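The values are calculated or read from the model by the stated rules, or taken from the named source; none is laboratory data. Since we're looking at a predicted model, the values are computed, not measured. Methodologically, a virtual Cβ is constructed for each residue, glycine included, from the backbone with ideal geometry; neighbour enumeration extends over all protein chains shown. Accessible surface is based on the protein model in full, side chains and every heavy atom, while ligands, DNA and RNA are left aside. Shrake-Rupley method; radii C 1.70, N 1.55, O 1.52, S 1.80 Å.
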Amino acid sequence: MVSSLTINLEKISRTVNIGLPLLFIVFLLVGYFHSFYFHFLTVTFLLMTVINFFYLYAQKNHALLTNFGWVAQVRYLLESIGPEMRQYFFTNDTEERPFTRLERAEVYRKAKNIDSSQAYGSLMDFDGTEYKLRHSLFPMKNSEIAPYSLTFGEERNIANQVTITKPLMISAMSFGALGSHAVRALARGARKAGILMNTGEGGLPKYHLMEGCDLIFQMGTAKFGCRNEDGSLNEAKLQEIARLPQVKMIEIKFSQGAKPGKGGLLPSEKISKEISELRGVPMGKDVVSPPYHVECLDPESTVRFIRRVQDLSELPVGIKLAFGREDEFRVLVQTMKELDVFPDYISIDGAEGGTGASPKAFMDDLGVPILQALPLVDRILREEKVRDRLKLIAAGKLINSGRMFVALSLGAQACYTARGFMLALGCIQALTCNRNTCPVGITTHNPHLQKGLDIEVKSERVKNYVQNMEHEYYEILSALGKRSFRELDTKNLLFPTRVHAESEL
Amino acid sequence: MNGKNILLWILQIIPAGILFLTSYGKLSSQPGEVQLFTALGMEPTGRYIIGVVEGLAALLFLTGRFAATGGLLAVGTMLGALIAHATIIGFDPKHAILLSTVLTCSLIVTVARRRELPLIGRTLSD
């Protein structure tokens, strides 16, 4: 059907293409015979005519510009402000990704200590597409609920065991991915809140160490901070880091949910002189970590490497991985059994996990989401009868207590979140983490942008976020009728209809 | 900094220097400028406007990041000056040299850094 309102772009562009040089001539004459002021327009239309000529006859990259000239430019201008228009005006409160406005607002309110109660009813879906928690007819009295406690390293009975008292930790974000202000605000907040913070794979955690919080040192595949020239482990450097009093655990990162099978990536825009020195990498080039540890080529060498790091560091040592194939994971667990070597924890990073920079295909299409991965990992560990030999940590969009409880009910014993804490710092989800232009100064090294991130103020927000989450944990636990976190299991969950239909859970 | 960048910076500093001087001349109402703008029928408003635009273009040249924008402003101003000299004032050697120097340098900088122009920059690749 042809609408009478259809805009004939070709006709409009033809008019504009002829009109621009004509207007130039008209204003040239008016400027000459009437007032020289008109030459402001003469010059403007002359420049527009030249640029239009370039669009129409010189450039070959944009078909729209070749066909329509300046008129097509309107499309590019509108397209460039599309994300902001959608975010501010058109996308509803439950639509945005990765986090909806409702999810973000919940974290903001917790971080600012503002009451998060709402009126009238939930805005979420109740059509069987989401996990829900099943409450009990008989809520537990608060006084009867045991406080949360989880000890890493107890299975091996090592001297340097680490006990956490909140099931929430700051997930891996390196200095590099984050600017120094953000790292320090998180570290100070972690100290105030009494939680552990993961350093990310950025090498010696200089800014992480400044604020006195307890740290998990992450060793990525490039082993920044403890690498030899050939990418292998420098034992002396690792021991040096492990001896730092603030470093409580070591985490060997094998893969990441947002880019499974690929190494870390730090875009060249974000490599300052300081980062280049800290990591020992050149400036002006993207830093791409290798996809695997040179020591880990098969299950046996991987398990032996874990043991080596445990022996060297004398600390609890965990591994982080994005869950992929069940058969491979089972073989890895069986190898652990054979060699009687287990990491002190396994952190499973869901495919929906965040990243500072990753190829789109890896973000969108690779890896298993956390709520699907957790029950599989938990089942394999139980079937191999080694569930009690290690702890399980979950990560992947676990920014609110409800989703964390789903993860805890599916087998996790603690949760990591990175973006939850970024939101607590004031992240507005501008999605520019890879460009060094973060408008709120979190994922940038630009001092002008970091100026707005006040370390003291934001560290309070981090503390508030943790405290309000903790308060909610115990309220939910009470509603579920549980005496402790250990009692959580899949009976607490109402599975989405499609998952229920497809799995044997 | 590579050779091309050094050359572009030289081509930014030269017109920036000239534009600062001509801008100062206009904004401080030097007799030559007043006479010129009187002939154009733009005295004093036009003189102040052009003085501010020239000063702004000179500053933008020196920011590096917005040099292309400064270049485009300078090209526009010099085209206006060209029209003025061609249609009303006539050419004298001093003005002709200054004008052609600024116009040439600004054109080269604008074309070389065209991708850095706000809004339209990304559509100006070959």
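Couple of notes before you dig in:
- Selected residue (criterion: surrounded by the fewest Cβ atoms within 10 Å (Cβ to Cβ)) from residues of the range A:285-301 that are in contact with a Leu (Cβ under 7 Å, 6 or more places away or on another chain) and not acidic (Asp, Glu): A:Val288
- With respect to the conditions (1) within 26 Å of B:Gly80 (Cβ to Cβ); (2) open to solvent by less than 80 Å² (accessible area, probe 1.4 Å), A:Val50 falls short on a single one, namely (2).
- Enumerated helices (runs of 4 or more DSSP H) restricted to the range A:170-257, each holding at least 3 residues that are more than 27 Å from A:Leu423 (Cα to Cα): A:235-242
- Counting only helices (runs of 4 or more DSSP H) wholly contained in the range A:417-504, the ones carrying 2 or more residues that are among the β-branched types (Val, Ile, Thr) and closer than 13 Å to A:Ala185 by Cα occupy A:455-479.
- Looking only at the range B:76-118, and only at residues there that are out of contact with any helix residue (DSSP H, G or I) (no Cβ under 7 Å at 6 or more places or on another chain) and not hydrophobic (A, V, I, L, M, F, W, C), the one that is least open to solvent (accessible area, probe 1.4 Å): B:Gly90
- Restricted to the range A:142-163, and to residues there that are open to solvent by less than 60 Å² (accessible area, probe 1.4 Å) and not in a strand (DSSP E or B), the residue that is farthest from A:Asp214 (Cα to Cα) is A:Ile145.
- Within the range A:237-256, the presence of at least one residue that is without any contact (Cβ under 8 Å) to a residue 24 or more places away in the chain and in contact with a Cys (Cβ under 9 Å, 6 or more places away or on another chain) is confirmed.
- Cβ pairs under 6 Å, 6+ apart, first in the range A:341-366 and more than 18 Å from A:Val288 (Cα to Cα), second open to solvent by 10 Å² or more (accessible area, probe 1.4 Å) and part of a helix (DSSP H, G or I): A:Val341/A:Arg307; A:Phe342/A:Arg389
- Residue that is at the interface with another protein chain (Cβ under 10 Å from one of its Cβ atoms) and either in contact with a Cys (Cβ under 8 Å, 6 or more places away or on another chain) or at pLDDT below 95 (or both), where the choices are B:Thr87, B:Thr77, B:Thr63: B:Thr87
- Unmet requirement for A:Arg86, which otherwise passes all of (1) surrounded by fewer than 17 Cβ atoms within 10 Å (Cβ to Cβ); (2) in contact with a helix residue (DSSP H, G or I) (Cβ under 6 Å, 6 or more places away or on another chain); (3) of a type outside the set (A, V, I, L, M, F, W, C); (4) more than 10 Å from chain B (Cβ to nearest Cβ): (2)
Conditions tested, residue by residue: (1) outside any helix (DSSP H, G or I); (2) touching a residue at least 24 places away in the same chain (Cβ under 8 Å); (3) open to solvent by less than 20 Å² (accessible area, probe 1.4 Å).
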position: A:Met283; (1), (2), (3): yes, no, no
position: A:Val303; (1), (2), (3): no, yes, yes
position: A:Leu312; (1), (2), (3): no, yes, no
position: A:Gly318; (1), (2), (3): yes, yes, yes
position: A:Gly324; (1), (2), (3): yes, yes, no
position: A:Phe329; (1), (2), (3): no, yes, yes
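- Matching residues, the range B:94-120, being farther than 14 Å from B:Leu79 by Cα and in contact (Cβ under 8 Å) with a residue 60 or more places away in the chain: B:Ile108, B:Val109, B:Ala112, B:Arg113
- The range B:56-68 - residue that is open to solvent by 10 Å² or more (accessible area, probe 1.4 Å) and either of a type in the set (A, V, I, L, M) or in contact with a Leu (Cβ under 7 Å, 6 or more places away or on another chain) (or both) and, of those, nearest to B:Leu8 (Cα to Cα): B:Leu62
- Of the residues making up the range A:89-97, one or more are of a type outside the set (S, T, N, Q), assigned to a helix (DSSP H, G or I), open to solvent by 80 Å² or more (accessible area, probe 1.4 Å) and at pLDDT below 90.
- Subset of the range A:439-452 that is in contact with a Ser or Thr (Cβ under 9 Å, 6 or more places away or on another chain) and not hydroxyl-bearing (Ser, Thr, Tyr) - its residue that is least open to solvent (accessible area, probe 1.4 Å): A:Gln450
- Selection of the range A:49-79 for residues being under 30 Å from B:Tyr48 (Cα atoms) and more than 10 Å from chain B (Cβ to nearest Cβ) yields only A:Thr49.
- Failed condition for B:Gly41, given (1) surrounded by fewer than 18 Cβ atoms within 10 Å (Cβ to Cβ); (2) over 24 Å from A:Met48 (Cβ atoms); (3) more than 10 Å from chain A (Cβ to nearest Cβ): (3)
- If the condition is being within 27 Å of B:Gln12 (Cα to Cα) and within 14 Å of chain A (Cβ to nearest Cβ), then the range B:44-60 contributes B:Gly46, B:Arg47, B:Tyr48, B:Ile49, B:Ile50, B:Val52, B:Val53, B:Glu54, B:Ala57.
- Screening the candidates A:Ala105, A:Ala119, A:Ala58, A:Ala111 for the property of being within 22 Å of A:Gly420 (Cα to Cα), without any contact (Cβ under 8 Å) to a residue 24 or more places away in the chain and not hydroxyl-bearing (Ser, Thr, Tyr) yields one hit, A:Ala105.
- Criterion (open to solvent by less than 10 Å² (accessible area, probe 1.4 Å), more than 9 Å from chain A (Cβ to nearest Cβ), within 30 Å of A:Leu78 (Cβ to Cβ) and at pLDDT below 95) met by exactly one of B:Gly71, B:Gly121: B:Gly121
- Residue list for the range B:16-38, filter: open to solvent by 40 Å² or more (accessible area, probe 1.4 Å) and within 14 Å of chain A (Cβ to nearest Cβ): B:Thr38
- Pairs with Cβ under 7 Å, 6+ apart, first in the range A:260-277 and part of a helix (DSSP H, G or I), second open to solvent by 40 Å² or more (accessible area, probe 1.4 Å): A:Ser268/A:Gly284; A:Ser268/A:Lys285; A:Ser268/A:Asp286; A:Glu269/A:Arg435; A:Lys273/A:Met283; A:Ser276/A:Pro282; A:Ser276/A:Met283
- Taking the range A:6-46 as the range and being within 14 Å of another protein chain (Cβ to nearest Cβ), surrounded by fewer than 18 Cβ atoms within 10 Å (Cβ to Cβ) and closer than 21 Å to A:Gln73 by Cα as the test, the residues that pass are A:Leu41, A:Thr44.
Quick grid of which residues meet (1) in contact with a helix residue (DSSP H, G or I) (Cβ under 6 Å, 6 or more places away or on another chain); (2) open to solvent by less than 10 Å² (accessible area, probe 1.4 Å):
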| site | (1), (2) |
| --- | --- |
| A:Ala190 | no, yes |
| A:Glu201 | no, no |
| A:Pro205 | no, yes |
| A:Gln218 | no, yes |
| A:Cys226 | yes, yes |
| A:Glu229 | no, no |
| A:Pro245 | no, no |
| A:Glu251 | no, yes |
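- Selected residue (criterion: most open to solvent (accessible area, probe 1.4 Å)) from residues of the range A:105-141 that are in contact with a helix residue (DSSP H, G or I) (Cβ under 6 Å, 6 or more places away or on another chain) and not in a loop (DSSP other than H, G, I, E, B): A:Leu133
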